[in-house]
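One structure below.
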Amino acid sequence: MDIAALIQTVLISALPVILAITLHEAAHAYAASHFGDTTARAAGRISLNPLRHVDPVGTLLVPGAALLLSYLAAGNTMLFGWAKPVPVNFGRLRNPLRDMMWVAAAGPAVNLVMALGWAALLKLATILPLAAYARPLALMSFAGININLVLMVLNLLPLPPLDGGRIAVGLLPYRLALPFSRLEPWGFPILLLLLFTHTLDLILWPVIATFQRLIFLLFQLG
């Protein structure tokens with residue numbers, strides 16, 4: 001990846017990344033409020049303002065370093081990062097065990113909806129008459145599909161404190177859920193280990209590719 005391609009990638013990906021992260025976190029906050037816990041609402045997290053969800057390290061520094069590494073290594077490094085966690089007091093949910101799963105699922109569900117929305121825009125770009133904005137729209141839409149699928153699939157990994165881990169805790173029998181939930185302090189180090197050993201690539205990319213193929217088939221994209 002040369003410097004011009006790096007700049008193009010940043011410019012094209014900026015809006016999809018901001019929307020993917022912002023709406024993912026806002027969805028968690030809205031779902032928590034809907035099911036009885038207003039902690040996130042009181043903290044102003046039901047918001048489309050990206051600044052309310054940005055974590056300086058996880059949202060800016062780490063993805064930027066991954067992109068730079070991809071440029072320097074001339075390889076394909078998975079963009080990795082996180083937003084400021086949405087504060088949820090699970091004890092205040094009306095049905096904590098069940099509602100925790102809905103709150104956790106809200107973020108990935110919104111990412112799937114956004115991936116479908118970007119696919120619709122990509123379809124529009126392919127049928128538009130040739131114009132100056134058709135190619136940039138197509139590139140941004142393609143990036144939007146991939147970014148949202150990566151965020152969705154990554155967060156659905158059954159590893160606390162990821163969304164998939166919280167869903168798994170809600171689905172498991174109590175005798176298994178309790179010890180599984182105690183993995184949470186180790187979840188992030190485990191995730192980093194999977195990332196830097198490229199095991200995460202082996203786990204995620206086949207699932208992401210399957211979702212991408214299904215979306216392309218749905219919208220009859222090339």
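The values are calculated or read from the model by the stated rules, or taken from the named source; none is laboratory data. Note that the structure is a prediction, hence the values are computed from the model and not measured. Positions of Cβ are generated from backbone atoms using ideal geometry, with glycine treated the same way; all protein chains shown enter the neighbour counts.
If you scan the range 169-205, which residues turn out to be surrounded by 11 or more Cβ atoms within 10 Å (Cβ to Cβ) and over 24 Å from Gly58 (Cα atoms)?
Passing the criteria: Val169, Gly170, Leu171, Leu172, Leu176, Ala177, Leu178, Phe180.
Could you identify the single residue in Ser33, Ser13, Ser70 that is among the polar types (S, T, N, Q) and modelled with pLDDT of 90 or more?
One residue alone meets the criteria, Ser33.
If only one of Leu124, Leu221 is among the aliphatic types (A, V, I, L, M), surrounded by 14 or more Cβ atoms within 10 Å (Cβ to Cβ), over 24 Å from Ala65 (Cβ atoms) and touching a Lys or Arg at 6+ places or on another chain (Cβ under 7 Å), which one is it?
Selected residue: Leu221, the only one of Leu124, Leu221 that is among the aliphatic types (A, V, I, L, M), surrounded by 14 or more Cβ atoms within 10 Å (Cβ to Cβ), over 24 Å from Ala65 (Cβ atoms) and touching a Lys or Arg at 6+ places or on another chain (Cβ under 7 Å).
Output the number of residues of the range 73-113 satisfying the condition of being at pLDDT 90 or above, touching a helix residue (DSSP H, G or I) at 6+ places or on another chain (Cβ under 6 Å) and of a type outside the set (A, V, I, L, M, F, W, C).
Counting residues in the range 73-113 that are at pLDDT 90 or above, touching a helix residue (DSSP H, G or I) at 6+ places or on another chain (Cβ under 6 Å) and of a type outside the set (A, V, I, L, M, F, W, C) gives 6.
Could you pull out every one of the helices (runs of 4 or more DSSP H) wholly within the range 131-222 that has 1 or more residues that are of a type in the set (Phe, Trp, Tyr), within 20 Å of Ala109 (Cβ to Cβ) and within 15 Å of the chain's Cα centre (by Cα)?
Helices (runs of 4 or more DSSP H) meeting the threshold: 199-218.
Arg166 passes all but one of (1) farther than 30 Å from Leu217 by Cβ; (2) in contact with a Gly (Cβ under 7 Å, 6 or more places away or on another chain); which number fails?
The one condition Arg166 does not meet is (2).
Restricting attention to the range 80-97, and to residues there that are farther than 12 Å from His24 by Cβ and in contact (Cβ under 8 Å) with a residue 60 or more places away in the chain, which single residue is surrounded by the most Cβ atoms within 10 Å (Cβ to Cβ)?
Initial filter on the range 80-97 (farther than 12 Å from His24 by Cβ): 80, 87-97.
Imposing the further condition that a residue be in contact (Cβ under 8 Å) with a residue 60 or more places away in the chain reduces the set to 80, 88, 93, 95, 97.
Values: Phe80: 17, Val88: 23, Leu93: 20, Asn95: 11, Leu97: 13.
Per the criteria, the residue is Val88.
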